[in-house]
1. Can you tell me which residues in region 198-239 are away from the ligand (no atom under 15 Å from the Cβ) and in contact with a Pro (Cβ under 8 Å, 6 or more places away or on another chain)?
2. Only one of (1) open to solvent by less than 30 Å² (accessible area, probe 1.4 Å); (2) touching a Gly at 6+ places or on another chain (Cβ under 6 Å); (3) more than 10 Å from the ligand (Cβ to nearest atom) fails for PRO71. Which number is that?
3. Provide a single number: the residues in region 138-160 that are free of Cβ contacts under 8 Å to residues at least 24 places away in the same chain and either within 23 Å of LEU64 (Cα to Cα) or open to solvent by 50 Å² or more (accessible area, probe 1.4 Å) (or both).
4. For region 108-122, name all the residues that are within 27 Å of LYS66 (Cβ to Cβ) and in a loop (DSSP other than H, G, I, E, B).
5. Inside region 94-111, can you point out the residues that are in contact with a helix residue (DSSP H, G or I) (Cβ under 8 Å, 6 or more places away or on another chain) and more than 21 Å from ARG165 (Cβ to Cβ)?
Amino acid sequence: MERIYPDIAILTGAGISAESGLATFRGSDGLWNNCRVEDVATIEAFHRNPEFVHDFYNEMKSELIKATPNPAHLAITRLQKEYPGQVNIITQNVDTLHEKAGSQNIYHIHGQINQAVCLNCGHILESWGDVTTETVCPHCETPGMMKPNIVFFGENLLYMDKVDRLLKNCGIFISVGTSGVVWPAAGFVQIARLNGAETFEFNLEQTSNNFYFDRHITGPAGTTLPRFVEEFLNKQKNG
Ligand code: BJW
């Protein structure tokens, strides 16, 4: 009889990129210890002071372009290459380290640092250069309407129809490096579990969502995830 390999959905957060030298949001040296969330990561802040918000994300872009993937990103790529079933990545991260690690099937639900969206026509501009209040949309040619393609508080997430299907169809749900305080991503584990998935949490510590995970793997993801993938693939091969 043909063997069935359950789909795997992996939710990643800032913690997976911490060992690439990128700050998380809510850690002791987190991004938001130095600036107020309300000043940069809300749609109101953007409309109030677009120059400030563009400057903030242009600066972040110049850092993220230099970042390189770590063993946790590479372990996911290995899993995608060697596991016979589907492995999908749902990331809250705006960095592109999953892409740099060679992964595929990546859904950036909170946007991407290297993109801007035109608020006039919806065109997505891909650029690692600065985007400002002067930038002209290459599609509708309207100036001053480009917003970083980052999902701010109060905005809808991207790819949610697809993500909803992935969560309901996966047999294994893995969360890596997310505090589980930002919704709706914080609720993904519940959706997956209610639909029958086995659930795993990789984090430095147990999160407020810990109740919904069948297994916690505590420690730095750059160490714990490659070990898990190695053991998991061996188990698949040996039946
Ligand atoms: C390691 C590690 C290592 C470290 N190894 N681990 C329901 C209830 C309550 C509120 C809401 C709700 N539904 C919606 C809301 C409102 C709001 C929300 O969630 N508020 C809460 C904060 C209270 N959500 C929204 O507004 C969302 N939109 C939405 O729901 O639309 C529909 C709607 C609209 C209007 C009204 C109602 C509904 C949008 C959320 C957008 C989030 N955007 C941000 C900012 C992007 C800007 C930027 O990049 O600068 O995305 S918020 C920020 O948090 C960022 C992240 O993606 C996100 C999650 O953070 P993450 O990744 O979890 O990072 P940390 O720092 O929190 O945690 C890191 C973890 O890693 C820690 O646990 C460490 O231990 C661990 N770690 N090193 C393993 N080496």
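1. If the condition is that a residue be away from the ligand (no atom under 15 Å from the Cβ) and in contact with a Pro (Cβ under 8 Å, 6 or more places away or on another chain), then GLN236 is the only one that fits.
2. Only one criterion in (1) open to solvent by less than 30 Å² (accessible area, probe 1.4 Å); (2) touching a Gly at 6+ places or on another chain (Cβ under 6 Å); (3) more than 10 Å from the ligand (Cβ to nearest atom) is unmet by PRO71, namely (1).
3. Residues meeting the conditions: 5.
4. ILE109, HIS110
5. Answer for region 94-111, where residues must be in contact with a helix residue (DSSP H, G or I) (Cβ under 8 Å, 6 or more places away or on another chain) and more than 21 Å from ARG165 (Cβ to Cβ): VAL94, ASP95, THR96, LEU97, LYS100, ALA101, GLY102.
Results for (1) of a type in the set (A, V, I, L, M); (2) within 20 Å of ASN88 (Cα to Cα), shown as yes or no for each residue.
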position: PRO143; (1), (2): no, no
position: ASN149; (1), (2): no, no
position: TYR159; (1), (2): no, yes
position: LYS168; (1), (2): no, yes
position: GLY171; (1), (2): no, yes
position: PHE188; (1), (2): no, yes
position: ALA192; (1), (2): yes, yes
position: ALA221; (1), (2): yes, yes
position: PHE232; (1), (2): no, yes
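The values are calculated or read from the model by the stated rules, or taken from the named source; none is laboratory data. A quick note: this is a predicted structure, and the numbers were derived from the prediction, not measured. Here the Cβ is made from the backbone with ideal geometry for all residues, glycine too, and neighbour counts use every protein chain on show. For accessibility, only protein heavy atoms count, side chains too; no ligands or nucleic acids. Shrake-Rupley method; radii C 1.70, N 1.55, O 1.52, S 1.80 Å.
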